[in-house]
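Notes for the one structure printed next.
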Amino acid sequence: MGRKQLTAAALLGTAACGSSGDSTTVTDAAEQTTAPAETEPVETRLYDAVPEADFGGKTFDILTAGNWNNEWTEIYDFQAEEENGEPINDAVFKRNLAVEERFNVEIVEINHMGNDKGGTGKGAKFIEKSVMASDLAYDASLMGAYDVSTLSYNNYLLDLASEVPHIDLTRPWWDQKANSDLPMKGRMYYTTGDISTIDNDCTFCILFNKNLLGTYDMEDPYQLVRDGKWTLDKFIEMASQVSQDMNGDSKYDENDLYGFCIWQDSMMGMVNAAGEKFCTVNEQGDLELTLNTERTQNMIERYMELAFDRTISFSIFHSGDLIETMFANDQVLFYSRYLCIIKKYRDMDTDFGVLPYPKFDEAQKEYYHTVAPYGCSFICVPAVVEDVEMTGSVLEAMACESMYTVTPAYYDITLEGKQLRDDESAEMLDIILGSRVFDLGQFYQVGTLNEQIMNLFRNNKKEFVSMCEKFAKKATNDLAKINEAFDAME
Ligand SMILES: [Ca+2]
Ligand SMILES: [Ca+2]
């Protein structure tokens with residue numbers, strides 16, 4: 001976590017400074033007053049180990065593609081024309097400039113964000129065509145999860161761990177949870193980290209309305225989180241207290257008051273929140289189906305009881321479009337979404353906070369958060385690039401620099417001003433971003449189970465087990481194909 005490291009670094013700097021000030025070994029008073037080490041924090045930032053190089057003014061072309069378009073996300077991970085006072089833009093600008101000057105390159109983003117809507121594979125086509133033609137069009141890419149998945153087992157990408165020099169995935173600017181969740185047969189074809197913020201914004205969370213919490217005199221959810229007592233049962237208990245037919249017309253619609261409003265993806269989020277996954281890599285290194293466990297059944301069944309109650313939960317059955325307005329309008333206590341939504345509440349008058357997804361029960365040690373497969377894009381390198389030395393050098397240097405520019409800016413814009421208005425939200429953000437799950441079963445869309453679990457919700461059906469059984473054969477066939485493809489690449 002970039003922010004934690006920065007905090008630790010700042011503390012270390014202060015401590016070092018203080019102890020040297022107290023030191024009795026300093027004998028020369030004149031030297032003491034002029035030595036910058038006495039007044040400035042000790043240098044504690046980390047540096048990458050990329051050797052210095054001059055790439056002769058070449059352009060570093062990075063292809064961006066994914067389901068979400070820039071207008072929705074407001075994320076420009078590699079593009080910043082000039083400093084304009086917007087924190088992430090300015091961080092990207094500074095980071096790019098530092099890397100460009102260091103290696104004598106020009107970073108150019110080729111933007112196709114929003115182009116592979118619905119997992120149509122359009123984003124992947126750019127790389128497939130480029131690799132087949134060896135036209136050296138892209139030096140790297142930030143590619144949508146569905147597309148980067150198929151690219152990886154169809155041999156269109158380099159292994160970031162072994163085939164791209166200078167990238168060191170063990171360094172803190174690369175996502176360490178990704179290192180444990182994403183490798184197939186020991187190879188890492190795509191990852192994320194401080195270099196991008198789209199993965200942050202794709203991380204699931206639950207917003208809550210502080211006014212309503214006060215009105216109903218409820219327990220402090222932050223304290224529940226800290227005490228490990230933020231569980232599904234507690235969540236249901238609190239949400240169920242808030243329900244009112246506000247206009248007295250005996251109908252529940254957008255004019256009324258609710259404990260919860262639901263984004264359909266939360267069906268996937270609840271599986272991961274219980275510490276379970278759609279698919280898991282087994283001891284042989286194969287991806288296997290693990291969705292239909294007793295624990296997941298239990299989690300999903302309890303969740304559906306809440307989610308399907310029209311007097312407590314506002315959802316797609318009422319209207320797909322009104323949730324955001326209603327939350328801003330103090331009509332909803334809890335709202336399940338992902339961190340990107342926080343930006344949409346810049347102008348909301350009411351205070352709100354952010355919470356982790358609930359645990360299965362108090363015995364579960366950690367909270368877990370889905371990284372949305374639909375919206376997230378990952379760093380990858382096409383199988384054929386102009387200069388793999390340049391690709392590795394620039395990516396590693398950008399990732400490192402991002403830890404000190406982009407990540408702090410992300411915390412600033414997500415937490416400051418009219419958005420999340422308290423220190424506790426920062427603490428929650430640390431928990432949420434530090435407990436992410438990258439579920440390969442979701443990324444590879446195994447057995448179309450992502451859609452099927454959401455279809456239960458969309459179609460008002462609670463038969464989770466029979467859905468799993470119905471699609472098990474398709475899932476098994478998909479997995480055989482994926483596992484064979486990875487085997488064939490060894
Ligand atoms: Ca990130
Ligand atoms: Ca009503």
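Scanning region 449-478 for residues that are surrounded by fewer than 20 Cβ atoms within 10 Å (Cβ to Cβ) and closer than 12 Å to residue 289 by Cα turns up 469, 472, 473, 474, 476, 477. Among the residues of region 290-313, just one is at pLDDT below 95 and among the aromatic types (Phe, Trp, Tyr), namely 308. Confirm whether residue 319 is in contact with a Gly (Cβ under 9 Å, 6 or more places away or on another chain) and within 16 Å of ligand 2 (Cβ to nearest atom). When the stated conditions are applied, residue 319 does not pass them.
In region 218-290, counting only strands (runs of 3 or more DSSP E) that sit wholly within it, the ones holding 3 or more residues that are more than 30 Å from residue 186 (Cβ to Cβ) and over 25 Å from the mean Cα position of the chain (by Cα) span 257-261.
For region 312-333, state whether one or more residues are surrounded by 24 or more Cβ atoms within 10 Å (Cβ to Cβ) and in a helix (DSSP H, G or I). Within region 312-333 (the criterion being surrounded by 24 or more Cβ atoms within 10 Å (Cβ to Cβ) and in a helix (DSSP H, G or I)), the answer is yes, since at least one residue qualifies. Taken over region 217-246, residues that are of a type in the set (Val, Ile, Thr) and touching an Asp or Glu at 6+ places or on another chain (Cβ under 6 Å) amount to 1.
Counting only residues that are among the charged types (D, E, K, R) and in a loop (DSSP other than H, G, I, E, B), which one in region 443-490 is nearest to residue 185 (Cα to Cα)? Selected residue: 490.
One residue alone among 186, 228 is touching a residue at least 60 places away in the same chain (Cβ under 8 Å), farther than 30 Å from residue 362 by Cβ and out of contact with any strand residue (DSSP E or B) (no Cβ under 7 Å at 6 or more places or on another chain), and that residue is 186.
Pairs meeting the criteria (first residue in region 264-277 and assigned by TED's automatic domain parsing to the domain that holds residue 451 and without any contact (Cβ under 8 Å) to a residue 24 or more places away in the chain, second residue crowded, with 24+ Cβ neighbours inside 10 Å and in a helix (DSSP H, G or I), beta carbons under 9 Å, at least 6 apart or on different chains) are 276/296; 276/299. If you scan region 399-418, which residues turn out to be modelled with pLDDT under 90 and either within 16 Å of ligand 2 (Cβ to nearest atom) or assigned to a helix (DSSP H, G or I) (or both)? Within region 399-418, 411, 412, 413, 414, 415 qualify.
Does residue 245 satisfy the condition of being within 28 Å of residue 452 (Cα to Cα), surrounded by fewer than 18 Cβ atoms within 10 Å (Cβ to Cβ) and within 16 Å of ligand 2 (Cβ to nearest atom)? No: the conditions fail for residue 245. Test residue 396 against the criterion of being over 21 Å from the mean Cα position of the chain (by Cα) and either closer than 29 Å to residue 190 by Cβ or not in a strand (DSSP E or B) (or both), and give yes or no. Spelling it out, it is not the case that residue 396 is over 21 Å from the mean Cα position of the chain (by Cα) and either closer than 29 Å to residue 190 by Cβ or not in a strand (DSSP E or B) (or both).
The values are calculated or read from the model by the stated rules, or taken from the named source; none is laboratory data. All figures in this text were calculated on a predicted structure; none of them were measured in a lab. Ideal geometry is used to build each Cβ from the backbone, glycine not excepted, and the neighbour counts take in all protein chains shown.
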